[in-house]
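A short write-up of the structure that comes next.
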């Protein structure tokens, strides 16, 4: 049996908006990693795409000097998550070991209250039973549940990877193995705009960035949700441009 | 000369007296048996038109409500129009609408009973029945709107293999408990005053009906001790159900106020929802009274313009109170200064669905304020029917504004979305409406819709006292 880690970890992410090119590689990687159903063109256009992360595209500047701004938006794994207390069946719960928000599909009865209450709109809902066409079923990741109709789902910080890493670290007796874990989106990001790591680890490269960067801000931190994701943007504070 | 004067005075007094009797049910007593027979006749008379309505409504319920619900359970909740970020739509709107209507039924009956408002007597039961059937319609929606309705019992606190209780921090669990509490207490409150009338019906029927009434009347004989206990029980319930009603609708408002959703997270929501519920509920009582009065035999004797008049005044007061809270919501949001909330409130009035917002204001404020101050309009049942119908349309628009229209424009403009109800959602909403009407239709022939004993009690207590030359109605305290 795997040894229980003495100290709970707190996984976090830093997203450098100055490096993000809006290429959507993270979105694609996430969809492949987490067995996300493709719901079809019309449904996606209507706002029923099941993507766990999305690139928000805003424009800044006046014509003709217009430029896009990209914000990868995913579940912020809040410390005080608004989705958790409103779920009547504890389908949306906080995990002690990883310090993230879990969605327990078996327990979800589909009230969709959590999705309404999420200020980041990070949650998506399985409106139908989606079919996986024949060759595509071979792509399914065996570590991740294929969700059925009527349940809510959202980004898990690739919790299956975290668990695998913890088991590897415990069985091989090498805690550093756990620090090498990363999420699918961070792994796929060509510009390294997404960085993932353990915030309790003194040597973690993202810890300083997460807590101390002058460019750092958290989205809607005024709501008191204590997100686990810090965004970095062009000097100054709180989204101010250089 | 003197004799002639006195003769004239006597004639005028008679005229005055007959006018008063025509005006007030309480001053127009009829023999008890005659009144009993009037109610029994109304209860046992069915026309082909009645059966046509029953059949039509049953068909609508079967197809639009249960048929579509079954189809939705088989295919998925995706056949509704909801989408990210608007995860709650017509279902929750209709849920709040029914709960609001049902809350005010008992409220009207209980508060008028507590304050001994004499005009309440003939229509308390109609209002209480509205509560029960409104709850029956509303309580279905928490099930209908679930993504996986077959697992609804996860919300019920029962010992289970998962070793899990429901999450008591979730407003949905509070809601579940509040609604079941209210359903139970309002049903008892409906049943208690019904016992003497059921006994009355028991004594005037034969066969199967007689046996059912005998069972339901709990062996009521009408002894002094029984009356004493009944009055006491009704009194306790009338007082107890008022705080229950307040708490339950506050809890429904907490479904929204507890969230961090901009435009929902407001402390004003509790009283705002209660006032809204009372406004829509009282309006629905008037609508139902009109329908009863114009369709059921002998009801024109019981339901008179004076009742529409009195309820019309109540409606005007509640419409003003509602407008006050509506204004307050804007005032507090403006004072709070949260940008997202201000943007939502502006979008309600200027956005793509602004017509819903204006419809709400026209129906809830303009129409009642412009009409209900007028005694002649208040006393015209048909006019009151349309006014109260409009108020309920307005209250539906209010809930629609609060739920999907607020959800659609949250803090991140990139994720804004507009929700369009699908035909299936609308059909289910119509289906519960039909179910309400159907249950009411069936109940109108199954139980005495007029609390006969209360009317008779009131008529015994009322008399005309001569003060100087005028006749003044006076009420004797019976209890």
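The values are calculated or read from the model by the stated rules, or taken from the named source; none is laboratory data. Fair warning: this is a prediction, and the values are worked out from it, not measured in the lab. Please note: Cβ atoms are built from the backbone with ideal geometry, for glycine as well, and neighbour counts cover all protein chains shown.
Just one of (1) over 19 Å from residue A:121 (Cα atoms); (2) modelled with pLDDT of 85 or more; (3) in contact with a helix residue (DSSP H, G or I) (Cβ under 9 Å, 6 or more places away or on another chain) fails for residue A:228. It is (1). If the condition is being in a helix (DSSP H, G or I), away from chain A (no Cβ under 12 Å) and touching a helix residue (DSSP H, G or I) at 6+ places or on another chain (Cβ under 6 Å), then the range B:136-164 contributes B:137, B:138. Filtered by the rule that a residue be within 12 Å of another protein chain (Cβ to nearest Cβ) and within 14 Å of the chain's Cα centre (by Cα), the range A:14-51 gives A:50, A:51.
None of A:124, A:181 is surrounded by 15 or more Cβ atoms within 10 Å (Cβ to Cβ) and in contact (Cβ under 8 Å) with a residue 60 or more places away in the chain except A:124. Confirm whether residue A:88 is farther than 26 Å from residue A:146 by Cβ, in contact with a helix residue (DSSP H, G or I) (Cβ under 6 Å, 6 or more places away or on another chain) and at the interface with chain B (Cβ under 10 Å from one of its Cβ atoms). Answer is no for this residue.
For the range B:79-99, a residue qualifies if it is at the interface with chain A (Cβ under 8 Å from one of its Cβ atoms) and under 27 Å from the mean Cα position of the chain (by Cα), and exactly one does: B:88.
Condition check ((1) touching a residue at least 12 places away in the same chain (Cβ under 8 Å); (2) touching a strand residue (DSSP E or B) at 6+ places or on another chain (Cβ under 9 Å); (3) not in a helix (DSSP H, G or I)) across all residues:
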{"position": "B:225", "(1), (2), (3)": "no, no, no"}
{"position": "B:231", "(1), (2), (3)": "yes, no, no"}
{"position": "B:234", "(1), (2), (3)": "yes, no, no"}
{"position": "B:240", "(1), (2), (3)": "yes, no, no"}
{"position": "B:248", "(1), (2), (3)": "yes, no, no"}
{"position": "B:255", "(1), (2), (3)": "yes, no, no"}
{"position": "B:263", "(1), (2), (3)": "yes, no, yes"}
{"position": "B:280", "(1), (2), (3)": "yes, no, no"}
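For residues in the range B:413-433 being touching a helix residue (DSSP H, G or I) at 6+ places or on another chain (Cβ under 7 Å) and within 14 Å of chain A (Cβ to nearest Cβ), which is farthest from residue A:223 (Cα to Cα)? Filtering first and then ranking leaves B:424. Would you be able to say whether some residue in the range A:55-69 is part of a loop (DSSP other than H, G, I, E, B), within 14 Å of chain B (Cβ to nearest Cβ) and touching a helix residue (DSSP H, G or I) at 6+ places or on another chain (Cβ under 9 Å)? No, the conditions are met nowhere in the range A:55-69.
Taking the conditions (1) assigned to a helix (DSSP H, G or I); (2) over 18 Å from residue B:275 (Cβ atoms); (3) within 14 Å of chain A (Cβ to nearest Cβ) in turn, residue B:410 satisfies each one other than (1). Of all residues in the range B:327-345, those that are over 19 Å from residue B:405 (Cα atoms) have Cβ atoms under 9 Å from Cβ atoms of residues that are surrounded by fewer than 11 Cβ atoms within 10 Å (Cβ to Cβ), 6 or more apart or on another chain, in B:332/B:267.
Against the criterion of being within 19 Å of residue A:11 (Cα to Cα), part of a helix (DSSP H, G or I) and in contact with a strand residue (DSSP E or B) (Cβ under 6 Å, 6 or more places away or on another chain), residue A:209 qualifies.
Residue B:184 meets all of the listed conditions (1) more than 14 Å from every other protein chain (Cβ to nearest Cβ); (2) closer than 30 Å to residue B:154 by Cβ; (3) in contact with a helix residue (DSSP H, G or I) (Cβ under 9 Å, 6 or more places away or on another chain); (4) not in a loop (DSSP other than H, G, I, E, B) but one, namely (3).
Considering the range B:168-177, the residues that are in a loop (DSSP other than H, G, I, E, B) and surrounded by fewer than 20 Cβ atoms within 10 Å (Cβ to Cβ) include one that is farthest from the other protein chains (Cβ to nearest Cβ), namely B:168. Farther than 30 Å from residue A:114 by Cα and either within 14 Å of chain A (Cβ to nearest Cβ) or buried (at least 20 other Cβ atoms within 10 Å of the Cβ) (or both), is that true of residue B:118? It is false that residue B:118 is farther than 30 Å from residue A:114 by Cα and either within 14 Å of chain A (Cβ to nearest Cβ) or buried (at least 20 other Cβ atoms within 10 Å of the Cβ) (or both).
Only a single criterion out of (1) over 20 Å from residue A:93 (Cα atoms); (2) touching a residue at least 60 places away in the same chain (Cβ under 8 Å); (3) under 18 Å from the mean Cα position of the chain (by Cα) is not satisfied by residue A:165, namely (2). Among the residues of the range A:102-112, is there at least one that is within 12 Å of chain B (Cβ to nearest Cβ) and either within 15 Å of the chain's Cα centre (by Cα) or within 21 Å of residue A:222 (Cα to Cα) (or both)? No.
Scanning the range A:129-150 finds one or more residues that are crowded, with 24+ Cβ neighbours inside 10 Å, modelled with pLDDT under 95, over 29 Å from residue A:201 (Cα atoms) and within 13 Å of another protein chain (Cβ to nearest Cβ). If you go through the range B:396-403 one residue at a time, do you hit one that is within 14 Å of chain A (Cβ to nearest Cβ), at negative phi and either surrounded by 23 or more Cβ atoms within 10 Å (Cβ to Cβ) or modelled with pLDDT under 95 (or both)? So far as the range B:396-403 goes, yes, one or more of its residues are within 14 Å of chain A (Cβ to nearest Cβ), at negative phi and either surrounded by 23 or more Cβ atoms within 10 Å (Cβ to Cβ) or modelled with pLDDT under 95 (or both).
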